[in-house]
Amino acid sequence: MSRSVCLQRAFFLLVPLLALPAETVPEHHAPVQIFMPETACVGDLAELRYIFHTDEDILGGGATHGDLPTDLPAFAAQGDRCTVLSASLDRFGSEYTLSLSLVGWKVGQIAFMPFALGSHTVQLEPVEISSIVEKTGAQGFRPPSPPLVVPGTTAVLAALAAVFLLLLAAATFALFHIPAIAAFFARSRAQRRARRNMRAALKKLRALASRRDASDDGSFCAAVQHILRGYLSERFVIPFAAVETSGLYAAVSGLCGGTLDEAQDAMMEELLYLFNRTDYIRYAHADLQAGEKEILLSVAVDAVESIGGAHGDL
């Protein structure tokens, strides 16, 4: 058979097929269902997609997306097995995608009953919810893990315990030695007051020494006695301004329990000499000898330092 004869026969066989109208060619789009993840366990968030084709405008107005209520009867009927968190319908041309987000609560199948979207009936295939035990292969609960300890916690706790013990020991000591502690603070306050009083008296005596040439002898002697009597009154909390010179020794001796040691006795002898001499100059209107002001000031300074310093704890 020649080649031209074969081509003629093939042409005559294909022409009837080409002449068929387009609508007679069959076209079928079966719905497609996708479940993610492939293995969902109890409590997992899963997504179910159902894709189908129709020329119907299900959403209306040419919309391409729409949210569906999650309390549809088909969803509510499976409420004891799962919870549908969200449902939406998306359109792309004649293709629609139904998307469901759900959480399964029981092991086994979730079988939604058919429901309609427009004129299309949605027939979802059952989906499987697996057990976490089957997925992991675990046969029981893991043993409890010990609590995690932050590095350095032991050292910090030990330091805090040591500080607490020290504070407790200090509180206990203070509780049993309250009188001694009170006496210590009282003695400290008295010593600070005595030092302030001594510095003030010495400052006044030095100021008097700087202007001794400008004052008469009577005024000078009165000023020395005034400074010393004020110092003694503040030092011993006794009004020495009202004590006569003749009773000065007895007053000081009384503060010492009626007896004076050798150093205290010598200091009082000098102090009495100063008071007797200044009394004489004041009341007899006599004059001091040359250089006697310096001697009296020196005796006054020594007496103040002796009473307020380390040598005199009267």
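Each value in this text was obtained by applying a stated rule to the coordinates, not by laboratory testing. Given the structure is predicted, the values throughout are model-derived calculations rather than measurements. Neighbour counts are summed over all protein chains in view; Cβ atoms, including those assigned to glycine, are modelled from backbone coordinates with ideal geometry.
What order, most packed first, do the peptides 233-240, 36-43, 171-178 have when packing is the mean number of other Cβ atoms within 10 Å of each residue?
Working: 233-240: 15.5, 36-43: 13.5, 171-178: 10.2.
My ranking of the peptides, most packed first, is 233-240, 36-43, 171-178.
With no solvent and one point on each alpha carbon, what is the Debye value of log10 I(q)/I(0) for the stretch 41-144 at q = 0.13 Å⁻¹? With one equal scatterer per Cα and no solvent, log10 I(q)/I(0) is -0.54. Our coupling estimate for the stretch 115-126, obtained by passing each phi through the Karplus curve with A = 6.51, B = -1.76, C = 1.60 and θ = phi - 60°, is 8, 9, 10, x, 8, 9, 9, 8, 10, 7, 6, x Hz, Gly and Pro reported as x. For Ala284, neighbours were defined as the other residues whose beta-carbon sits under 15 Å from its Cβ, and their charges (Lys and Arg +1, Asp and Glu -1) total -3. Using the Cβ of Tyr249 as centre and a radius below 10 Å, the other residues enclosed give a net charge of -2, where K and R count +1 and D and E count -1. Placing dummy labels 7 Å off each Cα toward the beta-carbon, the span from Leu272 to Ala169 is 5.4 nm. For the peptides 182-193, 281-292, the ranking by packing is 281-292, 182-193, with the highest mean count of neighbouring Cβ atoms within 10 Å listed first. Remark: spin-label model distance Asp80-Phe115 equals 1.9 nm, labels positioned 7 Å along the Cα→Cβ axis.
So, by mean Cβ neighbours within 10 angstrom, what's the order for 108-114, 219-225 with the highest one leading? List each step's numbers first, then the result.
Values: 108-114: 15.0, 219-225: 19.7.
The packing order, highest mean first, is 219-225, 108-114.
Within the stretch 146-221, the proportion of Cα pairs with more than 19 Å between them is 70 percent.
What is the gain in length, in nm to one decimal, between Ile295 and Ser94 on full extension, counting 0.36 nm per residue of separation less the C-alpha to C-alpha distance? Walk me through the numbers on the way to the answer.
Values: separation 201, 0.36 × 201 = 72.36 nm, distance 12.75 nm.
Going from the current span to full extension adds 59.6 nm.
Extension gain for Ile58 to Ala250 (0.36 nm times residue separation, less C-alpha to C-alpha distance): 56.8 nm.
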